[in-house]
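The values are calculated or read from the model by the stated rules, or taken from the named source; none is laboratory data. What you are looking at is a predicted structure, and each value in this text was computed from that prediction instead of being measured. Here the Cβ positions follow ideal geometry from the backbone for every residue, glycine too, while neighbour counts run over all protein chains shown. Ligands, DNA and RNA are stripped out before the accessible areas are found, and what is left, the full protein with its side chains, is counted by its heavy atoms. Shrake-Rupley method; radii C 1.70, N 1.55, O 1.52, S 1.80 Å.
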Amino acid sequence: MSDHVFVTGASGRVAASLIPRLVAAGHTVTGLARSKAKAQRVRAFGATCVVGELSHPTVMDEGLAGAVIVYHLAGGMRGAGIQTPDRINRLGSLSLIDRLEHAPQVKAIVFASSCAVYGDQSGAAVEDGSPARPHTRYGASKAAAEEAFEQAHRRGMPVRIARLAAVYGAGFPFLLEDWIRSGRAWLPGDGTNSIPTIHVDDAVEALVRLGTQPTQHVHYNVADCDSITSHEFYTAVAQAIEGSAPRYWSPLVPRAASLAAARLNERIQSKVAMRPRFTPDAIRLMTASIKVRTDRLRDDLGMTWMYPTARVGLDSILGVQQSRAGRP
Ligand SMILES: NC(=O)c1ccc[n+]([C@@H]2O[C@H](COP(=O)([O-])OP(=O)(O)OC[C@H]3O[C@@H](n4cnc5c(N)ncnc54)[C@H](OP(=O)(O)O)[C@@H]3O)[C@@H](O)[C@H]2O)c1
């Protein structure tokens, strides 16, 4: 069946795979982008696009007009200057929920949350819907946004919360390709922590199922089927792109010192309206150790994974890179 779909964060990386997939399935799509140039890129995927912020009610109402499915992908770890995680994720979600109250035709709202809500579980596995225990400002802001969506769900809004693992795919920053290629991949921690990951094609498959199939639950973990350590993941990336394996700080830099340096960097860069990337959140997220179960995706939604492990997914990206470089 073809439906009309509204996608916030339409200029982002996940949307760049989700929107063409929805269009190919026969849905009509309207995206929300924050500039005319980004809207042009969204239109190239076959969508229409409205231009503005989540906090602009008239733009949001225009985007939501006639929408039956809504994907809320607008969000992120840290913007420039005062664009804190709380402002982007919690307040942004509240703005959307406010406009959704005026869109009774919407039958499914899928919120892109994050496994960061689980915090650091010291390597333990978490079930779908386990309680949030964030240890970063980003995780706390996604957990607060989830809470707002859960309240809306209790009022009858058809909400589904996708707790996404780290998404990778060609060109995704999580791969750290530039650093690894140039031999500059010095990472926090010691590399033994488990990181939940998912290939972007499987993330999109899960999002499509969450938006278009009946669901039994509100919370779904969106990750692949096996765990991998940071060292294994980035060593596999290094092999794939013929770069240098990552090296880890922990034997050299005490954690308190690295967190203090990151705090100072975030304060200075945000004061001059830059987007800080070296932040306490980035350190904590890169060193958190957690495994994620995905029973609900498999059992409720019949999900099958194209890339059940990061090794398989990274191999597929290696193929892309080799053909780009004209190698066999
Ligand atoms: N990628 C991952 O590994 C991962 C993991 C867990 C959860 N998630 C969540 O999944 C969602 C999509 O991820 P992604 O990788 O596609 O992120 P992305 O590439 O960083 O894109 C984020 C999108 O959100 C938009 N945005 C940010 N702040 C906004 C605001 N205040 N108003 C309107 N739009 C705003 C951005 O617009 P501009 O282009 O104008 O900046 C962009 O379109 C995000 O919510 C992210 O937190 C992602």
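Each residue of the stretch 100-109 was assigned a 3J(HN,Hα) from its phi angle through the Karplus curve 6.51 cos²θ - 1.76 cosθ + 1.60 (θ = phi - 60°); the sequence is 5, 4, 9, 10, x, 6, 5, 9, 8, 10 Hz, with glycine and proline shown as x. Surface composition of the chain: carbon and sulfur atoms hold 54% of the protein heavy-atom accessible area at a 1.4 Å probe. In whole Å, how far is the Cα centre of the stretch 204-255 from that of the stretch 34-60? Each part's Cα centre sits 29 Å from the other's.
For SER316 and ALA245, the difference between the fully extended length at 0.36 nm per residue and the C-alpha to C-alpha distance is 23.7 nm. Tell me whether the stretch 78-150 comes out rounded, prolate or oblate; compute the Cα gyration tensor, take square roots of the eigenvalues as a ≥ b ≥ c, and use a/c under 1.5 as the rounded threshold. Oblate is the answer for the stretch 78-150, as a/c is 1.5 or above yet b/c matches or exceeds a/b. Which shape class, rounded, prolate or oblate, goes with the stretch 133-264 when its Cα gyration tensor gives a ≥ b ≥ c as root eigenvalues, a/c under 1.5 marks rounded, and past that a/b bigger than b/c marks prolate? Note, shape of the stretch 133-264 comes out oblate.
Excluding same-chain neighbours fewer than eight residues apart, the aspartates and glutamates reachable from LYS291 by a Cα-Cα span under 14 Å are ASP120, GLU127, ASP128, ASP224, ASP226. Take the Cβ atoms of MET274 and ASP295, set R0 to 45 Å, and the FRET efficiency comes out at 0.60.
Classified by the C-alpha gyration tensor, the stretch 5-73 has an oblate form. Its axis ratio a/c, with a ≥ b ≥ c, is 1.5 or above, and a/b does not exceed b/c.
Of the two radii for the chain, the radius of gyration is 0.95 times the Kirkwood radius, both from the alpha carbons; that is the Rg over Rh value.
Of the trypsin sites (Lys or Arg not before Pro) found in the stretch 120-191, those in coil by DSSP whose Cβ has at most 15 other Cβ atoms within 10 Å are ARG155, ARG184. Residue separation of ARG133 and THR235 scaled by 0.36 nm, minus their Cα-Cα distance, works out to 33.8 nm of gained length. Note on the chain: antiparallel DSSP beta bridges, both residues inside, total approximately 5 percent of the bridges counted.
Structural descriptor for the chain: relative contact order 18 percent, calculated from alpha carbon pairs under 8 angstrom and at least 6 residues apart.
Annotation note: GluC sites (Glu not before Pro) in the stretch 41-119 located in DSSP loop regions with a Cβ neighbour count of at most 16 within 10 Å are GLU53, GLU101. Over the stretch 1-145, accessible surface divided per residue gives 42 Å², non-protein components excluded, 1.4 Å probe. Using a cut-off of under 14 Å, list every residue of the stretch 55-94 whose amide N is near the label point 7 Å from the Cα of ALA25 along the Cα-to-beta-carbon line. 68-72, by backbone N distance to the label point.
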